[in-house]
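As structure tokens, the structure follows; a few thoughts come after it.
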Amino acid sequence: MPVKKETPKAKTVKTTKPAATKSVAVKEKPKAIIAKVEKTVNAVKSLDTPVKSKKVKSSTIKVAPEFFYGTGKRKNAIAKVWVFKGKGNIILNDRDYSEVMNKPSLSSVVLKPMKITGLEGKYDIKISTNGGGIVGQAHACQLGIARAILVMNETFRKALREEGLLTRDARVKERKKYGCKKARKGFQFRKR
């Protein structure tokens, strides 16, 4: 008969709890403790590893190598305009200008310099606008196109000047003054 080996029994050890101290310790849940530890570990790792910068997608406008540039401003709107030979396409902020300037009055404002000089349908225009509203952007585009045409051919100056297309409209919103509700409007006066 094989001899059975006796396994020693596990000894139980009594532990005494430490006496309560006067300061009350805040009991934290294990998940909160783990979160704190992970936070400190991540902070230490970030110091050791070099920071990777995110690539910013730059918006570049592709235009032909031979182009004429003009800048137009109106109120808070700014328009950068490139004019080059083509079939008469007008691209405004990477869309067809008729989608953006959907009112006939606004589209006629944008095309006015081309109609006056007789260049409509002969040149493509790319426009990048920002700031202001749609009407301010339309007038900024008009000034930018007129300036680009002037760079293209100086003989158009007289025709553009007669229509007032080379003059920057300097009217902007007047600033609010202290002691008034708006630029000029005051607070209501009550005598009694």
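Taking into account only those residues within the range 83-138 that are of a type in the set (Val, Ile, Thr) and touching a Leu at 6+ places or on another chain (Cβ under 6 Å), which is nearest to ILE149 (Cα to Cα)? Reasoning before the result, please.
So in the range 83-138, the residues of a type in the set (Val, Ile, Thr) come out as 83, 90-91, 100, 109-110, 116-117, 125, 127, 129, 134-135.
Applying the additional criterion that residues be touching a Leu at 6+ places or on another chain (Cβ under 6 Å) yields 100, 127.
Working: VAL100: 22, ILE127: 14 Å.
Here the answer is ILE127.
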* To do: Answer yes or no: is there a residue in the range 100-120 that is within 19 Å of the chain's Cα centre (by Cα), over 20 Å from PRO65 (Cα atoms) and not β-branched (Val, Ile, Thr).
  => no
* In this structure, does ALA79 turn out to be surrounded by 15 or more Cβ atoms within 10 Å (Cβ to Cβ), hydrophobic (A, V, I, L, M, F, W, C), at pLDDT 95 or above and in a helix (DSSP H, G or I)? -> no
* Structure fact -> Output for Cβ contacts, cut-off 9 Å, separation at least six or different chains, first residue closer than 16 Å to GLY70 by Cβ in the range 152-169, second among the basic types (Lys, Arg) and not in a helix (DSSP H, G or I), reads ARG168/LYS73; ARG168/ARG74; ASP169/LYS73; ASP169/ARG74; ASP169/LYS75
* To do: Kindly indicate which of ILE145, ILE127 is of a type in the set (A, V, I, L, M), touching a Cys at 6+ places or on another chain (Cβ under 8 Å), modelled with pLDDT of 95 or more and surrounded by 11 or more Cβ atoms within 10 Å (Cβ to Cβ).
  => ILE127
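Does VAL151 fit the bill of being in contact with a Phe, Trp or Tyr (Cβ under 7 Å, 6 or more places away or on another chain), part of a helix (DSSP H, G or I) and surrounded by fewer than 20 Cβ atoms within 10 Å (Cβ to Cβ)?
Numbers: in contact with a Phe, Trp or Tyr (Cβ under 7 Å, 6 or more places away or on another chain): yes; part of a helix (DSSP H, G or I): yes; surrounded by fewer than 20 Cβ atoms within 10 Å (Cβ to Cβ): yes.
Answer is yes for this residue.
Which is more than 22 Å from the chain's Cα centre (by Cα), at pLDDT 60 or above and either farther than 17 Å from SER128 by Cβ or part of a loop (DSSP other than H, G, I, E, B) (or both), of THR21, THR40, THR12?
Numbers: THR21 fails: at pLDDT 60 or above; THR12 fails: at pLDDT 60 or above.
Only one candidate qualifies: THR40.
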* To do: Check off (1) part of a loop (DSSP other than H, G, I, E, B); (2) touching a helix residue (DSSP H, G or I) at 6+ places or on another chain (Cβ under 8 Å); (3) surrounded by fewer than 17 Cβ atoms within 10 Å (Cβ to Cβ) for LYS87 and give me the number that stays unchecked.
  => (2)
* **Identity of the residue in the range 106-123, surrounded by fewer than 18 Cβ atoms within 10 Å (Cβ to Cβ) and touching a Lys or Arg at 6+ places or on another chain (Cβ under 9 Å), that ends up nearest to GLU163 (Cα to Cα)** => SER108
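Please verify whether GLY121 is out of contact with any strand residue (DSSP E or B) (no Cβ under 8 Å at 6 or more places or on another chain) and in a loop (DSSP other than H, G, I, E, B), treating the condition exactly as stated.
Numbers: out of contact with any strand residue (DSSP E or B) (no Cβ under 8 Å at 6 or more places or on another chain): yes; in a loop (DSSP other than H, G, I, E, B): yes.
Yes: the conditions hold for GLY121.
The values are calculated or read from the model by the stated rules, or taken from the named source; none is laboratory data. Source: prediction; values computed, not measured. Note that each Cβ is placed from the backbone with ideal geometry, even for glycine, and that neighbours are counted across all protein chains shown.
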